[in-house]
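The values are calculated or read from the model by the stated rules, or taken from the named source; none is laboratory data. Values in this document were obtained by computation on a predicted structure and should not be read as measured data. Here the Cβ positions follow ideal geometry from the backbone for every residue, glycine too, while neighbour counts run over all protein chains shown. Heavy atoms of the whole protein, side chains included, go into the accessibility calculation; ligands, DNA and RNA do not. Shrake-Rupley method; radii C 1.70, N 1.55, O 1.52, S 1.80 Å.
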Amino acid sequence: MDREKKVISNVKLYNGVPTLHVNGQPNAGMIYMTYDKSFSYVKSFCQSAGVKIISFSTTCDHSYYKLAPDSLKAPDQFDYSDFDSRVSSIIEKCPDAYLLPRIYICTPPWWNHAHPDEMSKGHKEVTSWVKDKPFPSVSSELWKKAGSDALTRFIAYA
């Protein structure tokens, strides 16, 4: 898809029902959402079912759930090559796709080690799938700034 092509989407009434519109046209809002990094079914959903909105996982810094490789490699060192690869793979299979990335945001392990006082103190008492996986405290001003900067930078890139 041409990055210069402007897409306008909004929700407005259509036959009395709130409906997604893309470039002024009603859209059923069917989305192909996947965690499959090969995007193996994108082409069939796009061509056979007409589903053109494709949602996929990515991160502007670190995916706590390991759904995408870290893009924040070190302080102020970002690598968006995995995002680029995922976008290319989708566009190759569905050239007129509308992309809806799910952007995960968290602190990479190196950041956690550098800022131990900014981490949530109760993480070891939470459910087993989070146990021993520290995450930043939602009250950490340092993390809010770091996360905000990472997200702002990612949006500007994307």
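Add +1 for every Lys or Arg and -1 for every Asp or Glu among the other residues with Cβ under 12 Å from the Cβ of Ser85, and state the total. Intermediate results must be reported in sequence, preceding the final value.
On the way: positive: Lys37, Arg86; negative: Asp79, Asp82, Asp84, Glu92.
Net of charged neighbours comes to -2.
May I ask you to evaluate 6.51 cos²θ - 1.76 cosθ + 1.60, the Karplus curve with θ = phi - 60°, for each residue of the stretch 96-102 and list the ³J(HN,Hα) values in order in whole Hz, giving x for glycine and proline?
With the stated coefficients, the stretch 96-102 comes to 9, 5, 9, 9, 10, x, 9 Hz.
So what is the calculated 222 nm ellipticity per residue for the chain, using -39500 (n - 2.57) for each DSSP H run with n of 4 or more, over all residues, to the nearest 500 deg cm²/dmol?
On the way: 4 runs with 42 residues, N = 158.
Helix contribution divided over all residues of the chain: -8000 deg cm²/dmol.
For the stretch 18-23, take each phi angle, set θ = phi - 60°, evaluate the Karplus expression 6.51 cos²θ - 1.76 cosθ + 1.60, and give the result in whole Hz per residue in order, putting x for glycine and proline.
These are the phi-based 3J(HN,Hα) values: x, 9, 5, 10, 10, 6 Hz.
Cysteines without a disulfide-compatible partner in the chain, using Cβ under 4.7 Å as the rule?
For the chain, the answer is Cys60, Cys106, because their Cβ atoms have no other cysteine Cβ under 4.7 Å.
Quick one: accessible area per residue over the stretch 1-105, 1.4 Å probe, rounded to a whole number of Å²?
Working: 6360 Å² over 105 residues.
Spelled out: the 1.4 Å probe surface of the stretch 1-105, per residue, equals 61 Å².
Roughly to the nearest percent, how much of the accessible area of the chain is carbon and sulfur, given a 1.4 Å probe? Intermediate values should be presented prior to the final figure.
Details: 5570 of 9830 Å².
Carbon plus sulfur share of accessible area: 57 percent.
Would you mind getting the Kirkwood hydrodynamic radius of the stretch 29-158 from its Cα pairs, rounded to one decimal in Å? Walk me through the numbers before you get to the answer.
Numbers: mean 1/r = 0.0625 Å⁻¹.
When all Cα pairs of the stretch 29-158 are included, the Kirkwood radius is 16.0 Å.
What list of ³J(HN,Hα) values in whole Hz, one per residue of the stretch 43-51 in order, does the Karplus curve 6.51 cos²θ - 1.76 cosθ + 1.60 (θ = phi - 60°) give from phi, with Gly and Pro shown as x?
Once rounded to whole Hz, the list reads 4, 5, 5, 5, 7, 7, 9, x, 7.
Enter the angle in degrees (range 0 to 90, nearest 10) between the Cα long axis of helix 81-93 and the first principal axis of the Cα atoms of the chain, meaning the one along which they spread out most.
Tilt relative to the chain: about 20 degrees.
Using the Cβ atoms and a cut-off under 11 Å, what net charge is assigned to the surroundings of Lys73, where Lys and Arg are +1 and Asp and Glu are -1? Display every interim value, and only then the final one.
Working: positive: none; negative: Asp61, Asp70, Asp76, Asp79.
Computed value for this residue: -4.
Over the stretch 11-158, what is the relative contact order in whole percent, taking alpha-carbon pairs under 8 Å and six or more residues apart?
Working: 211 pairs, mean separation 27.9, N = 148.
19 percent.
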